[in-house]
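Have a look at the structure below, then the notes.
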Amino acid sequence: MSLLPLLNDRFAAALAAVGAPNAQPLVQQAGRPEFGDYQMNGVMGAAKALKLNPREMAQKVIDAVDLAGIAASLEIAGPGFINIKLADSFLAQRVETALGDAQLGVDALPRQKVMVEYSSVNLAKEMHIGHLRGGIIGDALARIQGFVGQEVVRQNHVGDWGTQFGMLVAYMVETSKTGNASLELGDLDSFYKKSKVRFDEDPAFADTARDYVVKLQGGDAEVLALWKQFVAISLTHCNAIYQKLGLLLNDDDVRGESFYNDDLPVLVNELREKGLLTESDGAQVVFLDEFKNKEGDPAAFIVQKQGGGYLYATTDLGAIRFRTRELKLDRCLYVVDSRQALHFQQLFTTARKAGFLAADAQFEHIGHGTIMGPDGKPLKTRSGDTVKLGDLLDEAVERAFALVSSKNPDQDEATRREIARAVGIGALKYADLSKNRNTDYIFDWDAMLSFEGNTAPYLQYAYTRVQSIFRKVGDWDRRGALLLSEPAEHALALELARFADVVHQVARDSMPHFLCAYLYNLATAFSRFYEACPVLQDGVANTSRLKLCELSGQTLARGLNLLGIEVLETM
Ligand code: ARG
């Protein structure tokens, strides 16, 4: 059991023993080192409910709690907090156990089938800066769910359906007559623009485009084949970006909007049979009393437009139904821009009313903010255009290359390029993941590429420092007990022992910045330890300290891996 549940269990038992069986122990990491390692904050609430003096009750809890072999000391502080200092021997044993475990001491959570839906780009256009955060965050969350033992389904709910595809296919047919369509498609954005120009200027072209939409929806084999070709080319662009960015998404994870097309009339009928539909201005809507406006009118969740067309929302209802009925998910994380928050609230509410979602199914919108430029507005290029993701990734690597080259001018170029790739992409991802995902942030190359502070380069460098110790030491004898005596050793072992709690927390609340903050603290604790406690003395390696180094290296590497960031042996 990881530290927090262990301490909470023991204190819950103690609270029960002193007459407060329902009180919450509320154990948390200590706010300051002088408060010990953890503090138990549940006594005040329990004492108030029982009308007892909290400090007296705290003493009773201390007398009752069984922390033999776990805590070195328990002290009452302030109005009735209990400060907990863990025993060196206990922490040493935790480190030993984690070292012998591929999971580094992180227990599996109760097994669930968890979908992480992320990236979900619209295929008509090239990937841009707006796709960065969702991709990075979703990928980290999927990795973390896998690590804690969940059956993970990655899902790329691409926008591959809708009227614009008639236009794009019509333009594809037209260009293939005069030149090379797939060559033109190399620049998806200009392809889109050119086809839009054709659509607007030539009524005959527009007619063909509309005709293709009808044929597409009717399942016409020829037009479908053309559309498939377009989708495949577009996905090739995405895959190249995923690879550069180190995302685990591939073609097997794609289940686009088109997948649900045939199901939409069936689903709307089901809503009608359940008595949920109302006609409003010719459209079919579900009225939601849960979302009233200022005038007290319920929100209208439109599922079918006037004229019969379906919408984004209808497809999402189809996806929920499929995910519940066919995939039997326990949990689904929709990693999508926060600006779609209302859509998801209304979607989940409608799906529950319709019985498309089981009462205990955990379907969650994992929102994220926007990446801003220095002017505090959404980041654009200097000329005011959308930042293309491919260009941004290339720039990250180029900037890292310049940095690495200035630090190590003598290294051969291939090595510098390889380091630059890991550092540049790592920096970009970490800068994102280390911010609370709910907030916007200002994009800053210099800050993210800095070798100091809470950045990827700092952590990657910390890892190489650990590895260099082992290169220096060579073979070492790992027999012999792990003994902690110095405060810096205790502090490092404590950080190492906390890893499981942090990973579990992020698996529960999908907030990767807590894992980043943890890794930064760990690297800092390692640094302090390394300065204060010599690992090699007079040519003799200290086994105990080497074990701390070893687990530090493994935890840093694993933590970064869970965030989708590579480590290097040297930098
Ligand atoms: N393709 C959509 C967009 O670019 C995002 C899809 C998000 N996922 C969903 N199930 N609605 O805005």
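No lab work stands behind these numbers, since they all come straight from the coordinates. Because the structure is a prediction, the values reported are computed rather than measured. Note: ideal-geometry Cβ built from the backbone for every residue, glycine included; neighbour counts use all protein chains shown.
On a 0 to 90 degree scale, rounded to 10, what angle separates helix 413-433 from the longest Cα axis of the chain?
On a 0 to 90 degree scale, this one is about 90.
How high is the relative contact order of the chain? Use alpha-carbon pairs under 8 Å, at least six apart in sequence, and give a whole percent.
15
Within the range 473-514, name every residue whose backbone N is under 16 Å away from a label modeled 7 Å from Cα of LEU536 along the Cβ vector.
473-477
Apply the Kirkwood formula to the range 3-86: the hydrodynamic radius equals the inverse of the mean of 1/r over all pairs of different alpha-carbon atoms; give it in Å with one decimal.
About 12.3 Å for the range 3-86.
Which angle between 0 and 90 degrees, to the nearest 10, do you get for helix 312-325 versus the longest principal axis of the chain when only C-alpha atoms count?
The helix 312-325 is inclined about 60 degrees to the chain.
Taking 31 Å as the cut-off for C-alpha to C-alpha distance, list the pairs among LYS305/LYS388; LYS125/LYS294; LYS380/LYS435; LYS85/LYS472; LYS228/LYS353 that go past it.
LYS305/LYS388; LYS125/LYS294; LYS85/LYS472; LYS228/LYS353
Suppose we keep just the alpha-carbon trace of the range 386-503; what are its Rg and Dmax in angstrom?
18.2, 59
Given the chain, report the % of alpha carbon pairs whose separation exceeds 42 Å.
Result: 35 percent of Cα pairs exceed 42 Å.
In what sequence, highest mean first, do 489-499, 204-214, 286-296 appear when ranked by Cβ atoms within 10 angstrom?
489-499, 204-214, 286-296
By how many nm would the segment from GLN362 to ASN293 grow when fully extended, if each residue of separation counts as 0.36 nm and the alpha-carbon distance is taken off?
Extra length from GLN362 to ASN293 when fully extended: 22.2 nm.
Would you mind calculating the gained length between ARG528 and LYS228 on full extension (0.36 nm times residue separation, minus the Cα-Cα distance), in nm to one decimal?
So the extension gain works out to 102.3 nm.
Among LEU556, CYS533, TYR312, which residue has its Cα furthest toward the positive end of the charge dipole of the chain, with +1 on Lys/Arg Cβ and -1 on Asp/Glu Cβ?
Highest projection toward the positive end goes to CYS533.
Can you sort PHE81, PHE322 so the residue with the fewest Cβ neighbours within 10 Å comes first?
PHE322, PHE81
Determine by what factor the alpha-carbon radius of gyration of the range 164-232 differs from 2.2 N^0.38 Å, reporting the quotient.
1.01
So for the pair LEU50, GLN103, with labels modelled 7 Å out along Cα→Cβ, what separation do we get in nm?
Here the answer is 3.5 nm between the modelled labels.
Can you tally the net charge around GLU126? Count Lys and Arg as +1, Asp and Glu as -1, for every other residue whose Cβ sits under 12 Å from the Cβ of GLU126.
Net of charged neighbours comes to -1.
Ranked highest first by average number of other Cβ atoms within 10 Å, how do 468-479, 433-444 line up?
The packing order, highest mean first, is 433-444, 468-479.
Please express the shape of the range 251-360 as an equivalent ellipsoid: the semi-axes are the square roots of 5 times the eigenvalues of the C-alpha gyration tensor, given largest first in whole angstrom.
Rounded to whole Å, the semi-axes are 22, 17, 14.
Note the full-extension length gain between ARG478 and ASN408 as 0.36 nm times their separation in residues minus their Cα-Cα distance, in nm to one decimal.
Taking ARG478 through ASN408 to full extension adds about 21.8 nm, to one decimal.
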